[in-house]
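Below: one structure, written as structure tokens.
The values are calculated or read from the model by the stated rules, or taken from the named source; none is laboratory data. Everything quoted here is computed from the prediction, not taken from an experiment. Every residue, glycine among them, receives a Cβ derived from its backbone with ideal geometry; neighbour counts consider all protein chains shown. Remember, those area values only see protein heavy atoms, side chains included, never the ligands or the DNA or RNA. Shrake-Rupley method; radii C 1.70, N 1.55, O 1.52, S 1.80 Å.
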Amino acid sequence: MNKAQIKNVAGRIAATQSGPANERVKAIVDRIVLDLFNVIEDFDVTPEEFWSAVNYLSELGKANESALLAPGLGFDHFLDLRLDEKEQAAGMEGGTPRTIEGPLYVAGAPVCQGEARLDDGTDNGEPLFMNGRVTDTKGNPIAGAQVEVWHADSYGNYSFFDTSQSPFNLRRTIVTDADGCYLFRSIMPSGYGCPPDGPTQRLLTLLGRHGRRPAHIHFFVSAPGFRTLTTQINIQDDPYVDDDFAFATRDGLVPDVVRHADKALLREKGVDRPFAAIAFDFTLPHAVEGLPSGLIERPRAAAEAEVA
């Protein structure tokens, strides 16, 4: 079929509207249908291949991996880049780089003042201490900012989704002190990969790609009057730090990790083995009218809040 014939077929389908429609949804769906018709034509997609793709989407949903494949194909990163461009065009400058949220956030984590311990003491991984400040773009501290933090355990698993872990293990919201400071103790997270037998990894394999993520720690950082930051830091010595299947590594988000084994310092920190330390400051730009200032709306897991 030539392009005119394809456009004619797509136009007939779009014209079947028989009642009021959401014009934006209709315009986007009509465009997707036309573009897919062209893909089918350009690659001579067979009926068997088409129905295999339809079945794959069903499997992806049943496995609850849609939000895993999206970053793996670069969509989450692309949306971040578009937001960066919009903010730059509107004159919003500075701030810690954003990067993808991922699918494993859980709302309702305990709220702690100034500092927190994230782990429940059952994981024998490397102890980790992380601290820093939340400031505005001029370096002024932001007191009362909320630093929501979550990460995997030393096996690459997240509480709530891994029911063997205690509720809200490795998840907290820390409210910064008068100097904008936060501090937490935890264990060093491990990197992980897509479920090896799942539909996401099956497609990545067909694309000649791995599905590995480097060790990382997620954050939401927010304060009234400022643009909420969605970001994560990667652990610098992880072999996948520059080869993240989810494209989340960005300049400025791989802080130094300092390791300590001095016995006096171990006693001071209350640990019985060498530990790692990370210092990282978050910078929030002021909100700009007409630009999103809060979290992007999307489905998220939630659990009953606890008192810390």
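Counting only residues at least eight positions apart within a chain, or on another chain, the aspartates and glutamates with an alpha carbon under 14 Å from that of Lys86 are Glu289. Between the listed residues Ala27, Ala301, Leu60, the Cα displaced farthest toward the positive end of the dipole of the chain, a dipole computed from Cβ unit charges relative to the Cα centre, is found at Ala27.
For the chain, DSSP calls about 65 percent of its internal beta bridges antiparallel. Working note: Debye formula, equal point scatterers on the alpha-carbon atoms of the stretch 1-88, no solvent; log10 I(q)/I(0) at q = 0.17, 0.23, 0.24 Å⁻¹ is -1.06, -1.15, -1.15. Compare the Cα positions of Phe219, Val175, Leu206 along the charge dipole of the stretch 129-278 (+1 at Cβ of Lys, Arg; -1 at Cβ of Asp, Glu; about the Cα centre) and return the one farthest towards the positive end. The listed residue farthest towards the positive side: Val175.
The equivalent ellipsoid of the chain has semi-axes of 41, 24, 17 Å, largest first, where each one is the square root of 5 times an eigenvalue of the Cα gyration tensor. When you restrict to C-alpha pairs under 8 Å that are six or more residues apart and normalise by the size of the chain, the relative contact order lands at 22 percent. Put a dot 7 Å past the Cα of Gln17, heading toward its Cβ, do the same for Asn2, and the two dots end up 2.9 nm apart. The Cα center of the stretch 1-42 and the Cα center of the stretch 138-172 differ in position by 44 Å. Under the rule a/c < 1.5 gives rounded, and otherwise a/b versus b/c splits prolate from oblate, where does the stretch 46-134 land using the Cα gyration tensor? Since a/c reaches 1.5 but b/c is at least a/b, the shape of the stretch 46-134 is classed as oblate. Placing one equal scatterer on every Cα of the stretch 232-296 and applying the Debye formula, the log10 ratio I(q)/I(0) at q = 0.21 Å⁻¹ is -0.94.
Entry comment: accessible area of the chain is 55 Å² per residue, from protein heavy atoms only and a probe of 1.4 Å. Kirkwood's formula applied to the C-alpha pairs of the stretch 5-55 gives a hydrodynamic radius of 12.2 angstrom.
Annotation: the stretch 62-211 has a Kirkwood hydrodynamic radius of 17.6 angstrom, from the mean reciprocal C-alpha pair distance.
Restriction of the trypsin sites (Lys or Arg not before Pro) in the stretch 101-141 to DSSP coil positions whose beta-carbon has at most 16 other beta-carbons within 10 angstrom yields Lys138. When Thr200, Thr137 are compared by accessible area of protein heavy atoms, the largest-first order is Thr137, Thr200, using a 1.4 Å probe.
The peptide list 26-33, 79-86, 65-72, 46-53, put in order of mean Cβ contacts within 10 Å with the highest first, becomes 65-72, 79-86, 26-33, 46-53. Taking every DSSP helix (H) stretch of at least 4 residues in the chain, weighting each as -39,500 (n - 2.57) and dividing the sum by the residue count yields a mean residue ellipticity at 222 nm of -8500 deg cm²/dmol.
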